[in-house]
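One structure is given below, encoded as structure tokens.
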Amino acid sequence: MHTMLTKERERLPVRVDVATPAGSARRARRRIRPSTLFALAPMAVVVGVVYLGAMAWTVRLSTTSSKLLPTYDFVGLDQYERLFANARFLVSLQNMVVFGVLFIAACLVLGFLLAVLIDQRVKAEGLLRTIYLYPHALSFIVTGLAWQWFLNPELGLQRAVREAGFESFAFAWLADGETALYALVLAGVWQSSGLVMVILLAGLRGVDPDLWKAARVDGIPAWRYYLSIVLPLIGPMIVTATVLLAIAVVKLYDLVVAMTKGGPGIATEVPAKFVMDHLFERANVGLGTAAATVMLVTVLAVLTPWLYARYGSTSGRPA
Amino acid sequence: MTSAVVTSTDRARGGITARGRRPRRLTAGRIGLYAFLASAALFFLLPAWIMLLTSLKPMEEIRQGTIFALPLAPTLEAWAAAWGSACTGLTCEGISVGFWNSVRILVPSVILSVLLGALNGYALSFWPVRGANVLFAILLAGAFVPYQVFLYPLVRMFSSVGIYNSLAGIVLVHVIFGMPIMTLLFRNFYASLPRELFNAARVDGGGFFTIFLRVMLPMSTPILVVAVILQVTGVWNDFILGLTFAGRENLPMTVQLNNIVNSTHGVRLYNVDMAATVLTGVVPLAIYFVTGRWFVRGIAAGAVKG
Amino acid sequence: MAAVSVRDVSIAFGSMPVLDRLSIEVAAGEFLVLLGPSGCGKSTLLNAMAGLIDVEDGEIHFGERNVTWEEPKDRGVAMVFQSYALYPRMSVRENLSFGLRMARTQKAEIEARVARAAAMLQIEHLLDRRPSELSGGQRQRVAIGRALVRDADIFLFDEPLSNLDAQLRNELRVEIKRLHQRLADTTMIYVTHDQIEALTLADRVAVMKDRRIQQLAPPAEIYNRPANLFVAGFVGSPRMNFVEGRIEAPDGALVFRAGDRRLALDAYEFARRPAPGSAATLGVRPEHIGVLEAGEDVHAWSGLHVDIVEPMGADSLVWCRDGETTLAVRMAGEKPIAPGAAVRLVLDPARASLFDPASGERL
Amino acid sequence: MRSLKRAALAACAASAITLAAYTPAVAQEAEVIHWWTSGGESAALQEFVSRFEAAGGTWVDTAIAGGTNARTAGINRIVGGDAPTAMQFNTGRQFEEVAAGGLLNDIEAVASRGGWRDLIPASFVDAISYDGEIYAVPVNIHGQNWMFYNNAVLEEAGVAPPQTWEDVLAAAEKIEAAGKIPFAQGGEPWQERTLFNAVLAGHGGPELYDRLYAQNDVAALDTEEFRAVADVFGRLRAIVDEGSPGRSWNETTNLVVTGRAAMQLMGDWAKGEFLAAGQTPGEEYGCALVGANEALIIGGDVFVFPATDDEAQRAAQEMLAEVMFSPEAQIAFNNVKGSIPVRSDVDVSGMDACAQRGAEVMSDPAKQVPQVNLVASSDLVGAVDDVITQYWNDPSMDADAFVARFREAMEIAG
């Protein structure tokens, strides 16, 4: 019965607290529990002071002419005009989109493939899982050097293969502005697809095994079973994985700095690096915060509907 | 509706037993499957392999051979140097100092942020307070904002309360930036627990903290493992926050690593760099290897169900 | 003085009302069952009594105490849950004693109470096990034991038997009945959607639907004189037969008529007398219909044939049919009659019910 | 208030320090943030440390690899109220705002007493001054545009050391035929900027350089000279190796050291790499200023002193400034660092061939070209960097497009 109620609630199309006069009068009678408020106080402080405070501060600075140190004049949207006339920023945005699409797609596909295959009662599952997952444990501060080396045409794979006798072998993704971004995708996929694999594997293990029996009885081929039956069932896990990957895309910084420093040229510049460079290296706080604000607005625009639907409106569950 | 308690433990147990098709014999498909898994494993192992190989080679071999060549005369000298005598600036103490600094930052940061995340998640799941979910939504949105944006105001705030460039400061920063994901993990986990359990504890006379400490926390092992792993990895691998907030007495291992790797010696000592790199990765790696089983189980137990 | 008094309580989840100005009084020592289909609000009402859900309007009193805003732990209630809700990381003994430890009861007292409850429920041998090592029935015994040790004046049961298989359910039902007899002073409020549980356990049953109590009465009255169509249809298995028709008064006396078939209502106790010519729904339980061999009684309903016979062990359910009309009849024996046989049925007007089809109310 | 205090201090200091410059009453503790983490750099720094400590101070070393990291950490600490005693900047306008914000102590007293203004290049005086007062101690002059070449490789390919950029391009074919990399270039924006500015100063001349960066004269972009610079720079793209992108400067230098490449254009700090390999300038390798006008682009490092009310810290700051600028420390430090002493009154005869050549060029102010950071804002430098790196790394981009982008950058950031 509890479940029933909960489910019914969840089935309601929009779970908004309609603030009828009666409703608000009633709400006033909800018990206030001091211990709850006490427990949530740190979160409230962090949200209010750090997150909201810093965001507001950033937006404010983006309307100033601040250089190395913040000044608090007001120059309107000048910084934004400069920003959108800046080829590097536009390339950064474009790179983030291209990287994001390729990276998320590749991680999901590879992660799903690995999860499905590892779920076939393979031997040494634990070992394989650990191997696929371990890159996630390492920061790019740590692994970037190895990747850079591996992809370097003069030191890495290309040289090794050529010395093995294949003189015409060419693998110089990092060296070419056209392909350097794909090298980043490769390293990114290396780092993150193991996590996707684990999340989706957890999803697969939650699928009713009777479904497989039913599919077998109905003569549905395995690939069809996974594509048409399992994939929709683990939808929530895929959403979770996608959200985690998207966070990584927006914050993409370490990977770029460790592997290409934005180069060759500006071929692998990304917005987070643009912000960092302008805040610290180029002493242009105004422009840097303007870029940060653009990122913030973009993220919020994409996120708000999702967050609101997912978490924002529930004021509590029925007992 | 069968007992949700039972189901969740069953599910957790099921989390480590494969449920896919049972193989009947070694078919071509099976061979293909293993071939694919093995080549994927190769792809994932490659960078670690390169790092390990290089760290075991003397410089002479590195200069002459390719990165894939096996060391002819393996030596641990580079490791010793990286640990104890590699130089950054005027000091030649290797990254051992950084290692202990990292440990001192890691332990309180992980304990505090996991506990706080658990408390938040518990409060959000079981004790509705108006506005709490709005706070939570903002917190989650905050997780997407590159934290470069927060650095400057935080520096100002911390210095005004006198914890800038201190152990307390860096720990607090990790707690702040760990809060969204920690809270999310625990909130989702507690939301998947049967509410009747909470009700039973309330009828039994438990208050807010009693129920948390005596009923909920003891049940949270799977998610605690996930939270600890994520937080250990995150804190240990952090670079920018440590550099900005830790102060010169507490610089973490990653900062030392960066100092060593980017210190431009006459000839770059790749073997020392790689050894330092491997050493820096050892702690999170060890955590993953030791607790990997529980990690998967914890995620299966509802940790990340949206 | 009522032990539990719910006064005009309203509860809503968001914009969805769950209870609407509901009132109910439960006497001390009474066993009250809240019966109704899923989503009728019965569990919400129980949880509100326990203090697990805040009411938005109205009051709840325990005896002379207004407990509307008291915390659950201060209300002196014990509660048993459908999913048992045993603390998974505690042994059975710890589960039983948790509440007492919370209340800082003395050690010796705790031990005594745990021992007594364990003995009462025959779970002494399970005290050191973990919940995951118990069967479903054992778990529910422990859950009941956990409520017992609290020595509460008010026991709340939230569908405690719904997760058990049929046999265990019967067994524990008897156990609960026995418990109530032993603890004569204890008020028990029991939520279920199972009418057998309601009828066997209750002193009074409150049948709920759509946020309201449809009928509050002792089980026999609920069964025999359902207050409306919903209660009539919900309580009783197999279900009551319903026949649409009219009330007529051809020669002064009221008669129910459906097509050619009539039923004299001289023996029927009207709740209110309907006007002749008005529509009515006749409800008759299967055991209140007799089957006649041909030609014995002119008032019997004829023209029906046996459609299906369902043997149920001690008796059988015979489905008789004529076009649209289907009546279920309970007959003794395993195969009392062959399908296809023509039958004539005699209905007992004294034990039948009549309802106003428009409002559903009893006539 | 502040100036009063300063005057009193200066008076005090003047009387005290002239008597016993390096004997303060108490041991001064000085924490110094810098990014000299490499072996050669820290050895050079040690020359300052030992002299400071000999004078009774205690040096607390905070080395942070990477200029950006170190500067960020330093500025954060200044803003955060936990300032170090001194921190490193590059000579230029990087710290201008910090000074403007009142976050730095000036060292005017030390500077005027020491007669610094007469001893250091004019462009440096501007760069270390704010509002007419000196705020930073310059410690070295780095020549930014040296062409290092491996003598053996050039000989083998049969080419002479290049005198002009056309020579460089012409030599490339022969060197390539000999199986070597003609021109070793690292792949980071600042290295590409260094190369471009070298071409600009060497092929375009100091005057063009000055019009562009110091005067922000957009019209300079329309000149024949600039067009030729863009052209030469564009042609250089073809003579570098495939491994260039992302490569650090010292790995690149090692290609020349080991004879895998013939030439590299780099600042004089690259000498440290040759030195570490046991090579001597004029023997295994040579250094040249490419371009008929022998322009030398000069930059360097400075230390600034965050504002403090602590008298002991203030004294330590002045002592640091004294020590770092002292002739003995200048020679010792720059000898190891590979740079030229910042003061013109020291004897450079003990230094290596390249340094002597640099000192010689330095004696002619007409040949001195200030590094961009000295004359242009970080903003402009950054914007121009973006354009240069795009041009360098995109073979399909022609000189016209480069000039057009350059113009945009100057108009937006200038």
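Rounded to the nearest 20 Debye, what is the dipole magnitude of the protein assembly as shown about its Cα centre when Lys and Arg each give +1 and Asp and Glu each give -1 at the C-beta? Could you put the intermediate results ahead of the total?
Values: 120 positive and 138 negative charges, 1377 e Å.
I would put it at about 6620 debye.
For chain D, what does -39500 (n - 2.57) per DSSP helix run (n ≥ 4), summed and divided by total residues, give at 222 nm, in deg cm²/dmol to the nearest 500? Before the final figure, lay out the partial values.
Values: 20 runs with 204 residues, N = 414.
That comes out to -14500 deg cm²/dmol.
Kindly provide log₁₀ I(q)/I(0) values, in the same order as q = 0.11 Å⁻¹, from the Debye equation applied to equal alpha-carbon scatterers of chain B.
Evaluating at q = 0.11 Å⁻¹ gives log10 I(q)/I(0) of -0.87.
Assign unit charges at the C-beta atoms only (+1 for Lys and Arg, -1 for Asp and Glu), then state the dipole size of chain C relative to its Cα centre in Debye, rounded to the nearest 20. Don't skip to the answer; put the middle values down first.
Values: 43 positive and 50 negative charges, 187 e Å.
Computed charge dipole of chain C: roughly 900 debye.
Report, as a whole number in µm² per second, the diffusion coefficient that Stokes-Einstein gives for segment C:139-292 at 20 °C and 1.002 mPa s using the Kirkwood radius over alpha carbon pairs. Present the calculation step by step, with values, prior to reporting the outcome.
Details: Rh = 18.3 Å.
It comes out at roughly 117 µm²/s.
Restricting to Cα atoms and excluding each atom paired with itself, what does the Kirkwood estimate give for segment B:25-75 in Å? Could the numbers behind the result be given before it?
Numbers: mean 1/r = 0.0781 Å⁻¹.
Result for segment B:25-75, one decimal place: 12.8 Å.
How large is ³J(HN,Hα) for each residue in segment D:65-72, as worked out from phi by the Karplus curve 6.51 cos²θ - 1.76 cosθ + 1.60 (θ = phi - 60°), to whole Hz, x for Gly and Pro?
Calculated HN-Hα couplings, in order: 5, x, x, 4, 4, 5, 5, 4 Hz.
What residue among C:L199, C:L345, C:L45 shows peak mean-square fluctuation when chain C is described by a Gaussian network model with Cα springs under 10 Å?
C:L345
Any idea what angle helix B:132-144 forms with the longest principal axis of chain B, computed on alpha-carbon atoms, 0 to 90 degrees, nearest 10?
It works out to around 20 degrees.
Take each uninterrupted DSSP H stretch in chain C, measure its Cα extent along the helix axis, and return the ones at 20 Å or beyond whose mean Kyte-Doolittle hydropathy is at least -0.5. Please list the in-between numbers first.
Working: long enough: C:107-121 (21 Å, 0.35); C:166-182 (24 Å, -1.22).
Once both thresholds are applied, what remains is C:107-121.
In nm, give the distance between the simple-model label positions of C:N66 and B:V97, each being 7 Å from the Cα along the Cα-to-Cβ direction.
Between C:N66 and B:V97, the simple spin-label model gives 6.9 nm.
Please compute, over every Cα-Cα pair in chain C, the percentage with a separation greater than 31 angstrom.
Values: 30641 of 65703 pairs.
It works out to 47 percent of all Cα pairs.
Quickly rank A:280-292, D:344-356, D:104-116, C:178-190 as a protection proxy: mean count of other C-beta atoms within 10 Å, highest first. Can you show the working numbers first?
Values: A:280-292: 26.5, D:344-356: 15.6, D:104-116: 19.9, C:178-190: 17.2.
In descending order of packing, they fall as A:280-292, D:104-116, C:178-190, D:344-356.
When all C-alpha to C-alpha distances in segment C:256-363 are sorted into bins of 5 Å, what percent of pairs does each bin hold, rounded to whole numbers?
For segment C:256-363, the pair-distance distribution reads 2, 12, 21, 23, 18, 13, 8, 3, 0.
At 222 nm, what helix-only mean residue ellipticity would chain B give, in deg cm²/dmol to the nearest 500, using -39500 (n - 2.57) for each DSSP H run of four or more? Mind dumping the intermediate values first?
Numbers: 13 runs with 204 residues, N = 306.
For chain B, the value works out to -22000 deg cm²/dmol.
Hey, what angle do you get for helix D:39-54 against the long axis of chain D, alpha-carbon based, 0 to 90 degrees rounded to 10?
Here the helix axis deviates by roughly 20 degrees.
Can you tell me which aspartates and glutamates have their Cα less than 14 Å from the Cα of D:K271? Leave out same-chain residues fewer than eight positions away.
Cα-Cα hits under 14 Å: D:E41, D:E251, D:E283, D:E284, D:D352.
Quick one: what are the phi-derived ³J(HN,Hα) couplings along segment C:61-74, Karplus 6.51/-1.76/1.60 with θ = phi - 60°, whole Hz, x for glycine and proline?
10, 10, x, 9, 8, 7, 9, 3, 10, 7, 5, x, 5, 8
Return the subset of B:K57/D:K174; A:K67/A:K251; A:K67/A:K261; A:K273/D:K367 for which the Cα-Cα distance in this structure is over 26 Å, preserving the input order.
Values: B:K57/D:K174 36 Å; A:K67/A:K251 23 Å; A:K67/A:K261 23 Å; A:K273/D:K367 37 Å.
Pairs exceeding the cut-off: B:K57/D:K174; A:K273/D:K367.
Run the helix sum for chain C: -39,500 (n - 2.57) per DSSP H stretch of 4+ residues, divided by residue count, reported at 222 nm to the nearest 500 deg cm²/dmol.
Working: 8 runs with 84 residues, N = 363.
Computed mean residue ellipticity for chain C: -7000 deg cm²/dmol.
Does segment D:181-334 classify as rounded, prolate or oblate by the C-alpha gyration tensor (a ≥ b ≥ c root eigenvalues; a/c under 1.5 gives rounded; else a/b over b/c gives prolate, otherwise oblate)?
Taking the square roots of the gyration eigenvalues as a ≥ b ≥ c, segment D:181-334 is oblate.
Compute the convex hull volume of the Cα atoms of segment D:336-403, divide it by the residue count, and report the result per residue in Å³ as a whole number.
On the way: hull volume 10.5 nm³, N = 68.
In segment D:336-403, the Cα convex hull volume per residue is 155 Å³.
Looking at chain B as a GNM with Cα springs under 10 Å, which of B:N271, B:N101, B:N133 has the largest mean-square fluctuation?
B:N133
Please give the peptides D:173-181, A:299-307, A:271-279, C:268-276 ranked by average Cβ packing (other Cβ atoms within 10 Å per residue), highest first, as a rough proxy for protection.
Values: D:173-181: 17.2, A:299-307: 15.1, A:271-279: 25.4, C:268-276: 12.8.
Going from most to least packed, we get A:271-279, D:173-181, A:299-307, C:268-276.
For the pair C:R257 and C:F270, how long in nm is the line joining their label points, each one 7 Å along Cα→Cβ?
1.6 nm
Using every alpha carbon pair in chain A, what percent of pairs falls into each 10 Å bin from 0 up to the bin containing the largest distance?
Per 10 Å bin, starting at 0, the Cα pair percentages come out as 5, 18, 23, 24, 18, 9, 2, 0, 0.
For helix D:189-199, what angle does its Cα long axis make with the longest principal axis of chain D, in degrees from 0 to 90 and rounded to 10?
That works out to roughly 70 degrees.
List the pair-distance distribution P(r) of segment A:219-275, using every Cα-Cα distance, as the percent of pairs falling in each 5 Å bin from 0 up to the bin containing the longest distance, rounded to whole percents.
Using 5 Å bins, I get a P(r) of 4, 17, 16, 12, 10, 9, 9, 11, 8, 3, 1, 0 for segment A:219-275.
At a temperature of 4 °C and a viscosity of 1.567 mPa s, determine how fast chain D diffuses translationally according to Stokes-Einstein, using the Kirkwood radius over alpha-carbon pairs as Rh; express D in µm²/s, rounded to the nearest whole number.
58 µm²/s
Have a look at B:L116, B:L185, B:L46 and tell me which one the Gaussian network model of chain B (Cα, springs below 10 Å) gives the largest fluctuation.
B:L46
C:K177: which lysines have alpha carbons under 26 Å from its alpha carbon, excluding same-chain residues fewer than 8 sequence positions away?
C:K42, C:K73, C:K209
Could you compute the FRET efficiency for D:S363 and D:S248, with r as their C-beta to C-beta distance and R0 at 35 Å, rounded to 0.05? Intermediate results must be reported in sequence, preceding the final value.
Numbers: r = 33 Å, r/R0 = 0.94.
It comes out at approximately 0.60.
Kirkwood hydrodynamic radius of segment C:1-91 from all distinct Cα pairs, in Å? Mind showing how you got there, number by number?
Values: mean 1/r = 0.0710 Å⁻¹.
Result for segment C:1-91, one decimal place: 14.1 Å.
In sequence order, what are the phi-derived ³J(HN,Hα) couplings for segment B:220-228 according to the Karplus relation 6.51 cos²θ - 1.76 cosθ + 1.60 with θ = phi - 60°, rounded to whole Hz, with x for glycine and proline?
8, 3, x, 7, 4, 4, 4, 4, 5
If the viscosity is 1.567 mPa s and the temperature 4 °C, what translational diffusion coefficient in µm²/s does Stokes-Einstein give for the protein assembly as shown when Rh comes from Kirkwood over Cα pairs? Write out the running numbers ahead of the final one.
On the way: Rh = 37.4 Å.
Rounded to a whole number, D works out at 35 µm²/s.
Starting from the 7 Å offset along Cα-to-Cβ, what nm value, one decimal, do you get for the label separation of C:Q106 and C:A119?
For the pair C:Q106/C:A119, the computed spacing is 1.9 nm.
Kyte-Doolittle cut-off 0.5, length cut-off 15 Å along the helix's own axis using Cα: show which whole DSSP H helices in chain A pass.
Values: long enough: A:34-45 (16 Å, 1.43); A:87-118 (45 Å, 2.32); A:140-151 (16 Å, 1.44); A:180-205 (37 Å, 1.69); A:235-251 (24 Å, 1.96); A:285-307 (31 Å, 1.87).
The qualifying helices are A:34-45, A:87-118, A:140-151, A:180-205, A:235-251, A:285-307.
Nearest 0.05, what FRET efficiency do C:E361 and B:V134 give at R0 = 56 Å with Cβ-Cβ as r?
Values: r = 47 Å, r/R0 = 0.84.
Efficiency, from the Cβ-Cβ distance: 0.75.
No lab work stands behind these numbers, since they all come straight from the coordinates. In this text the structure is predicted, and so the values were computed from the model without any measurement. For neighbour counting, all protein chains shown are included, and Cβ atoms are generated from backbone atoms with ideal geometry for every residue, glycine included.
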